[in-house]
1. What is the extension gain from D62 to V45, computed as 0.36 nm multiplied by their sequence separation minus the C-alpha to C-alpha distance, in nm to one decimal?
2. How far apart, in nm, are two points set 7 Å out from the Cα along the Cα-to-Cβ line at E131 and at L95?
3. Average the reciprocal distances over every distinct pair of alpha-carbons in the range 115-168, invert the result, and give the Kirkwood radius in Å.
4. Determine the shape class of the range 1-108: with a ≥ b ≥ c the square roots of the Cα gyration tensor eigenvalues, call it rounded for a/c under 1.5, and otherwise prolate if a/b is greater than b/c, oblate otherwise.
5. With springs only between Cα atoms under 10 Å, which of D22, D108, D119 fluctuates most in a Gaussian network model of the chain?
6. Once you put a point 7 Å from the Cα of D14 and another 7 Å from the Cα of K178, both along the Cβ direction, what distance in nm separates them?
7. Within a Cβ distance under 10 Å of L95, other residues only, what is the Lys/Arg minus Asp/Glu net charge?
8. Counting Lys and Arg as +1 and Asp and Glu as -1, each charge on the Cβ, what is the dipole of the chain about the Cα centre in debye, to the nearest 20?
Amino acid sequence: MRSATIERKTRETDISLTLELDGSGRAEVDTGVGFLDHMLELLAVHAGFDLSVSCKGDTQVDFHHSVEDVGICLGQAFFRALGDKRGIARFADRLVPMDDAAAQIAVDISGRPFLNFADKMDGKIGQFDAELVEEFLRAFAFHAGINVFVRLPARGNRHHEAEAVFKALAKCLQDAVKVVSARIPSSKGVL
């Protein structure tokens, strides 16, 4: 099974996270940040991953530390669960609509982390700062060792924008981690 468990404890957060890539879309998520819980549940369901997350964070300060640190842990778990990446499809892209908004995402599980988030999100989604979507993705991408390219070709309700981003990411990750051969998908022979 391609799975990993990450424990991370700092003065700002205490996180336990388990990820199974070959799951059934089951999510047990309690980060103390309701909107992040909603997005992580969407990610698990639409990627077909099993995800368990518990986070106790300094949410009395704001949600930044919890959101970023959960992104770090998810990225680390994703990296470990993939092992040597033998046989994976590696690349994927998706355009996902959500009512008035749409997100376009492409990923490369390359070992070369980067986030290109072209269309900035701002304002609030309830009590959640919309800019934290980008912070989460940056933490995830850099700790997972993947390149993530994000565009919002149709802007709309901020909740819908964020939901489109997480659903598009989920489908890209699902496609990119599929085992499609017995080889390392790189001309270098290593990822």
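The numbers here are math on the coordinates, done by the rules we state, and not lab data. No experiment lies behind these values; they were computed from the predicted model shown. All Cβ positions, glycine included, derive from the backbone under ideal geometry; neighbour counts span all protein chains shown.
1. In short, 3.4 nm is gained.
2. Each label point lies 7 Å from its Cα, and together they span 3.0 nm.
3. 11.5
4. oblate
5. Per the Cα network of the chain with a 10 Å cutoff, D119 tops the list.
6. Between D14 and K178, the label points sit 4.2 nm apart.
7. +2
8. Values: 23 positive and 28 negative charges, 207 e Å.
Using only the charged Cβ atoms, the result is roughly 1000 debye.
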